[in-house]
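For reference, the structure is listed below as structure tokens.
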Amino acid sequence: MTFETIPFLKSMLSVAGLSGYEAPIRDVVTPVWQELSDRTWVNSHGSLHAIRYGEGTEPRPKVMIAAHMDAIGLMVTGIEDGFLRITQVGGVDPRILPGQMVMVHGSNSGESVELPGMVVMPPAHLLPKDGKSGPLPQKYLLVDSGLRAKEVNKLVRVGDVISFATEPCELSGDTLSGHTLDNRASVAATTVALDLLSRRKHLWDVIAVATSQEEVGGIGAMGSSFDIMPDFAIVIDVTFAKGPGGGDTVLFDLGKTVPITWGSCVHPALYNAMKATADEYEIPVARDFAPSGSGTDAYDVQVAQAGIPVVELGIPLRYMHTPVEVVSIKDIKRAGRLMAEFISNLPLDFMNTVKWE
Amino acid sequence: MARKVENSKKYSPRLGKQELDLLTRLSNALAVSGDEQEVREIVYEELSALDVSMHTDAMGNVLVKHEGKGADRLKVMVAAHMDEVGMMLTKEDGDGFFEFVVIGGVDPRQLVGKPVMVGRKHVPGVIGAKAIHLTTKEEREQVLKVNSLRIDVGLGGSKLVEIGDRATFSTSLAVLGPSLRGKALDDRLGVFNLIQLLKNAPENIDLLAAFTVQEELGLRGATVAAYHFNPDIGIAMDSTPANDLPHFDGEANPTHNTKLDGGPAIYLMDGATIGDRRLVKWLTETADAEKIPWQYRQPGKGGTDAGAIHKTRAGVPSVSVSVPQRYLHSPAGMVRIDDELNTLRLMHAALSRLERSILNPQENN
């Protein structure tokens, strides 16, 4: 099986896998990671682990790559005349919701049934005064599956999850749009790294982790870090790219750099080592400032057990947490290559260099 | 007055593979008001084998005449608009980013976070939004205005599209159980129905089919089409809102306009036209005789091509029949297949039994 980035990424963007409900995405990643590793297993929170044994003598040091695979989405809170009332799973700006294509994962019939639907905005006369022109709070939005009330009642119940169903789409200039590129772009980059490592020597054990429940607080990463207790970890997640409405924080162009996080959640020695590797292989990088934290799995990894040194890479992404996020494929491949070069160059005594001054 | 005409052939509309194919092409076509070419091409393709006369007029309307047989045939104009609401690119604003304006009535709240397609080549793009992580509470309490949004076609995309191009949501037609979901069912269902009526044209009338342009901008195409045809009767086939959703607070919803599953919506009065009483009666009596469910569209605002047709020349008795549809002018509307087919069934049955006596002054009018 040859691994190809774009088809694999598109297949990941075509399935659900909300926080706590990662089975659909795990089932897509598992066979690909099985091919590229010695062993895979699923931990107690549903994170997928894949280990590639290194060539060093035992006991070998180990590095963990953590990329979360879970998606933000919606959940059914009520059913009225065949329409579904909803709440959110993870951070969703309700302003993006009206007119959004979704998939309802109905469970009321005893088996899981996928019902395509859409988020709809009721007409003004059915809303309170503030709903006529302002942004509609999510409590007033509904999901319509096109089915009649009787059928909906048979198939759907409160608590069923609703995923975004926007189809992935290749845009100009080697860019791609879709839902949940946060953070399946990083799962793709991690897979690029595993693919490269499968064809070169590495002394260290490498454990790739597609973590669960990042969007609700780094839950999967906590357990995986504890389980694996790596010598250090690479966390990879998306970061903000320049684009319309981007805001005034530091932002990255698409297709230009691999951002490396600089701030409280990363170990400066690891930052320096990663930067040095990037310079050596002429991979353009930039500093992504996260003074008090990056809002990713990095925190949950660094505080596991007695503490784990972390280095964090980013993939620039436009329109984060909308179903039309945009990434550059080049950025994914570069981040994957940087991780592979870094890991394959790790000497067995590397941790001796990860010191505080 | 409403007597079944002997020579009308039996016609049972269905949505088989061929029909669904046509409807898919129609709904997925990009034909924003003022640029209806894609739908015009489909109409020509579908009708080229028929024994009809067909031309495109000065405004871009496709005008098709099917002559019936027999004496004293009524000239019946049936209109369906080809155009849809959408957007136009107005200014390049960086690599692959474009400012745009909205064409027709689209609520800006429907635009955010949607995939779109641009121009005749359907170049894919997206309308993004600032990441929620970077927004303030104050920002989230404001609607994102159109002038703050951009269509993003990707890096180097400025070579693929240009300002002046039209754009629409890139929603594909889908069958969801008993329903259809598509971006331009307003009014490609009407276009589809008019094509079917021409393919199964009743012989007792001259069917003057107008595939109109720029309805969404004020019934412009229908105005000149009706002048050209100079018909005895005018009928607009369109889509009308089904606001049959639950009230946020559980109250009753008496002002639903129409309801899905209620059948074709017959117009008594909208913002543009008082439906001709004789024609309304003819439609409702036909529906009852044929056991076709129907509903009155609740009298109210809005308008169809009938609003232009009925004021043409010395006046044309006119009426509208619509397929009830939820979520018009959004990324996707939704209709029931039954309502769509019943609308076509009603129109065919009604036209087949039409006689000149319908134009006699109505008693008690």
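The values are calculated or read from the model by the stated rules, or taken from the named source; none is laboratory data. All values derive from a computational prediction rather than experimental measurement. As a convention, Cβ positions derive from the backbone with ideal geometry for all residues, glycine included, and neighbour counts pool all protein chains shown.
Suppose we filter segment A:267-313 for residues that are on the phi < 0 side of the Ramachandran plot, among the small types (Gly, Ala, Ser) and either touching a His at 6+ places or on another chain (Cβ under 7 Å) or more than 13 Å from every other protein chain (Cβ to nearest Cβ) (or both); how many remain? Outline the logic, then answer.
Going residue by residue through segment A:267-313, those that are on the phi < 0 side of the Ramachandran plot are A:267-281, A:283-292, A:294, A:296-304, A:306, A:308-313.
Among the residues that remain, those that are also among the small types (Gly, Ala, Ser) are: A:269, A:273, A:276, A:278, A:286, A:290, A:292, A:294, A:298, A:304, A:306.
Then keep just the ones that are either touching a His at 6+ places or on another chain (Cβ under 7 Å) or more than 13 Å from every other protein chain (Cβ to nearest Cβ) (or both); that gives A:269, A:273, A:276, A:278, A:286, A:292, A:298, A:304, A:306.
Count: 9.
With the condition kept exactly as written, say whether any residue in segment A:110-120 is under 24 Å from the mean Cα position of the chain (by Cα), in contact (Cβ under 8 Å) with a residue 24 or more places away in the chain, at the interface with chain B (Cβ under 7 Å from one of its Cβ atoms) and crowded, with 22+ Cβ neighbours inside 10 Å. Yes, the conditions are met somewhere in segment A:110-120.
Hey, does segment B:321-340 have a residue that's among the aliphatic types (A, V, I, L, M), more than 14 Å from every other protein chain (Cβ to nearest Cβ), over 14 Å from the mean Cα position of the chain (by Cα) and within 27 Å of B:SER172 (Cα to Cα)? For segment B:321-340, residues among the aliphatic types (A, V, I, L, M), more than 14 Å from every other protein chain (Cβ to nearest Cβ), over 14 Å from the mean Cα position of the chain (by Cα) and within 27 Å of B:SER172 (Cα to Cα): absent.
Taken over segment B:67-84, the residue count meeting the criterion of being outside any loop (DSSP other than H, G, I, E, B) and surrounded by fewer than 22 Cβ atoms within 10 Å (Cβ to Cβ) is 2.
With the structure loaded, tell me whether B:ARG188 is surrounded by 23 or more Cβ atoms within 10 Å (Cβ to Cβ), in contact with a helix residue (DSSP H, G or I) (Cβ under 9 Å, 6 or more places away or on another chain) and either among the basic types (Lys, Arg) or not assigned by TED's automatic domain parsing to the domain that holds B:ASP35 (or both) or whether it fails that test. Yes; evaluated as a whole, the condition is true for this residue. For A:ILE65, the test of being facing another protein chain (nearest Cβ under 7 Å) and modelled with pLDDT of 95 or more is failed.
Rundown of residues vs (1) buried (at least 22 other Cβ atoms within 10 Å of the Cβ); (2) more than 14 Å from chain A (Cβ to nearest Cβ); (3) modelled with pLDDT under 95, yes/no style:
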| site | (1), (2), (3) |
| --- | --- |
| B:PHE229 | yes, yes, no |
| B:PRO241 | yes, no, no |
| B:LEU245 | yes, no, no |
| B:GLY250 | no, no, yes |
| B:GLY262 | no, no, no |
| B:TYR267 | yes, yes, no |
| B:ASP288 | no, yes, no |
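Each residue in segment B:127-139 was checked for being within 7 Å of another protein chain (Cβ to nearest Cβ) and assigned to a helix (DSSP H, G or I), and 3 of them qualify.
Restricting segment A:87-96 to residues that are at the interface with another protein chain (Cβ under 8 Å from one of its Cβ atoms) and within 20 Å of the chain's Cα centre (by Cα) leaves a set whose member that is surrounded by the most Cβ atoms within 10 Å (Cβ to Cβ) is A:ILE96.
Selection within segment B:161-177: residues that are farther than 18 Å from A:VAL119 by Cα and in a loop (DSSP other than H, G, I, E, B). The member of this set that is nearest to the other protein chains (Cβ to nearest Cβ) is B:VAL161.
With respect to the conditions (1) surrounded by 15 or more Cβ atoms within 10 Å (Cβ to Cβ); (2) within 11 Å of chain A (Cβ to nearest Cβ), B:MET87 lacks only one, and its number is (2). Every test in (1) closer than 28 Å to A:PRO135 by Cα; (2) in contact (Cβ under 8 Å) with a residue 60 or more places away in the chain is passed by B:GLY68 save one, and that test is (1).
I'm trying to understand the selection: among the residues of segment B:305-341, which are free of Cβ contacts under 8 Å to residues at least 40 places away in the same chain and either at positive phi or surrounded by 24 or more Cβ atoms within 10 Å (Cβ to Cβ) (or both)? If you could, list the steps in order and put the result at the bottom.
So in segment B:305-341, the residues free of Cβ contacts under 8 Å to residues at least 40 places away in the same chain come out as B:311, B:314-315, B:327.
Answer for segment B:305-341, where residues must be free of Cβ contacts under 8 Å to residues at least 40 places away in the same chain and either at positive phi or surrounded by 24 or more Cβ atoms within 10 Å (Cβ to Cβ) (or both): B:GLY315, B:TYR327.
Could you look through segment B:140-157, keep only residues that are assigned to a helix (DSSP H, G or I) and more than 7 Å from every other protein chain (Cβ to nearest Cβ), and pick out the one that is surrounded by the fewest Cβ atoms within 10 Å (Cβ to Cβ)? Ranking the candidates gives B:ASN147 first. Listed by position, the strands (runs of 3 or more DSSP E) enclosed by segment A:141-189 that each have at least 3 residues that are within 14 Å of chain B (Cβ to nearest Cβ) and touching a strand residue (DSSP E or B) at 6+ places or on another chain (Cβ under 6 Å) are A:142-144, A:169-171, A:175-178.
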